[in-house]
Amino acid sequence: MTPSTLETNQIAIYFAAVVAGLLIAATAPWAHGLEAAIDLAIAALLYVMFLQVPLGDLRRALANRRFLLALAVANFIAVPAAVLALATALLPDVPVLWLGVLMVLLTPCIDYVVAFTHIARGDAKPLLAATPLLLLAQMLLLPVYLGLFLGPSAAALIAPKPFLHAFLYLIAVPLVLAGLTQLLAARTAAGARVVAVMTWLPVPMTALLLLVVFAAVTPRLGDALGDVARAVPVYLAFALLAPFVGVAVSRLFRLEPGAARAVIFSSSTRNSLVVLPLAFAVPDNGPVVAAIIVTQTLVELASEILYVRWVPRLAPAVA
């Protein structure tokens, strides 16, 4: 067993974690109490993910301006335009439903997207190095997009405090701790051993987060089944459309195949787990919004099975 073996089998591991979470939700009356552990599980996962980004790689990623610009255009211009078009065409005028769908589809994934990109023989290293920037950008831009797309009704559904909390505890603290751990690893053998152990953890930590999320949120689904059913067609349409958005942007910037695959995966894979704390903070409707968001994860995990075969054909290697 190696970290590479875990990455290769991660889809099966994630589905097993989801099933385990559903079983806990169905059999344990205390399952909904796991909501309190979601923030901690997310922060731990992001610490592990940031630790996989050597500080030198982060500097080099910042120097790869064409890739970063393509990533930004895809995730913060092209994808939001596509999401608005899909939501307008497929969603009824229900503010809470719009909020849940927009929160998840407007935020690019920063965790397991890296491993899926690697499986599809994409260039995962610059995508991994860009994860802190992607997370920071989406936390800053999500309130802006919600205000633009939802209008005045967004003010009653979102508050600035959860976004500030997310920035501090999900970005700043894990990133600083990861940097300090790397400095310790460069100076001591104990620190190097810690970093070596952490290379095993991204997949298990993601699986643990999925288990906790589905165990905590599933008991709330009974109040949200109608909204969840209305969101599924949008998620399916997005899963089909988003790879072509990534293809168009990667061709616009003339990216080589490995980088193009990374942009395609980033365009198609969303940040359902990290936005959950923001969803739970929505006044009176947090559990419903969270259920709408978690449903996207199920659609997405099934889509990733197709993407690892499909994306290399969309961005074929140069002969």
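The values are calculated or read from the model by the stated rules, or taken from the named source; none is laboratory data. Being a predicted model, the structure only gives us computed values, none of them experimental. Counting neighbours? That spans all protein chains shown, and the Cβs are built from the backbone with ideal geometry, glycine included. For the accessible areas, the whole protein counts, side chains as well, though only heavy atoms, and no ligand, DNA or RNA atoms are used. Shrake-Rupley method; radii C 1.70, N 1.55, O 1.52, S 1.80 Å.
Under 1.5 on a/c is rounded, so check that first for the stretch 166-318, then, if it is not, pick prolate when a/b is larger than b/c and oblate when it is not; a ≥ b ≥ c are the square roots of the alpha carbon gyration tensor eigenvalues. The shape class here is oblate.
Sort out for me the Cα centre separation of the stretch 269-285 from the stretch 119-192, rounded to whole Å. First find each Cα centre; the distance between them is then 14 Å. Among Leu225, Leu298, Leu148, the largest mean-square fluctuation in a Gaussian network model of the chain (Cα springs under 10 Å) belongs to Leu148. The residues of the stretch 1-72 expose, per residue, 52 Å² of accessible area to a 1.4 Å probe.
Rolling a 1.4 Å probe over the protein heavy atoms gives the stretch 169-319 an accessible area of 41 Å² per residue. Taking 0.36 nm per residue of sequence separation and removing the Cα-Cα distance, the Ala85/Ala186 pair yields an extension gain of 31.5 nm. Note on the chain: dipole from Cβ charges, positive end direction compared against Pro233, Leu62, Val288; the farthest Cα belongs to Leu62. Histogrammed with a bin width of 5 Å, the alpha carbon distances of the stretch 27-98 distribute as 3, 12, 9, 10, 13, 16, 17, 12, 6, 2, 0 percent, first bin at zero. Estimated from helical segments only, the mean residue ellipticity of the chain at 222 nm is -24000 deg cm²/dmol, where each DSSP H run of four or more residues counts as -39500 (n - 2.57). Tell me, Kirkwood radius of the stretch 196-274 from alpha-carbon pair distances, in Å? For the stretch 196-274, the Kirkwood estimate is 15.4 Å. The orientation-averaged projection of the convex hull spanning the C-alpha atoms of the stretch 238-309 amounts to 5.4 square nanometres.
Global dimensions of the stretch 58-150 from alpha-carbon coordinates: Rg and Dmax equal 14.6, 45 Å. When the solvent-accessible area of the chain is split by element, carbon and sulfur atoms take up 71 percent of it, the probe being 1.4 Å.
For the stretch 126-137, 3J(HN,Hα) computed residue by residue from phi via the Karplus equation (6.51, -1.76, 1.60; θ = phi - 60°) reads x, 5, 4, 5, 7, 4, x, 5, 4, 5, 5, 4 Hz, glycine and proline entered as x.
Phi angles of the stretch 95-111 translate, via the Karplus equation with coefficients 6.51, -1.76, 1.60 and θ = phi - 60°, into HN-Hα couplings of x, 5, 5, 4, 4, x, 5, 5, 4, 7, 7, 8, 10, x, 5, 10, 10 Hz per residue; Gly and Pro are given as x. Our analysis of the chain gives Rg over Rh at 0.95, with the two radii drawn from alpha carbon positions and Rh computed by the Kirkwood formula. Amide H contacts of Arg270 (H built 1.01 Å from N, in plane; Pro and chain starts excluded): Cys109 sit under 5 Å, all sequence-distant by 5 or more or on other chains. Each residue, Leu241 and Val144, gets one label point 7 Å from its Cα in the Cβ direction; the gap between the two is 2.2 nm.
Placing a label point 7 Å from the Cα of Leu306 along the Cα-to-Cβ direction, the residues of the stretch 225-244 with a backbone N closer than 12 Å are 235-244. Computed from the Cβ-Cβ distance with R0 of 35 Å, the FRET efficiency linking Val94 to Leu252 stands at 0.50.
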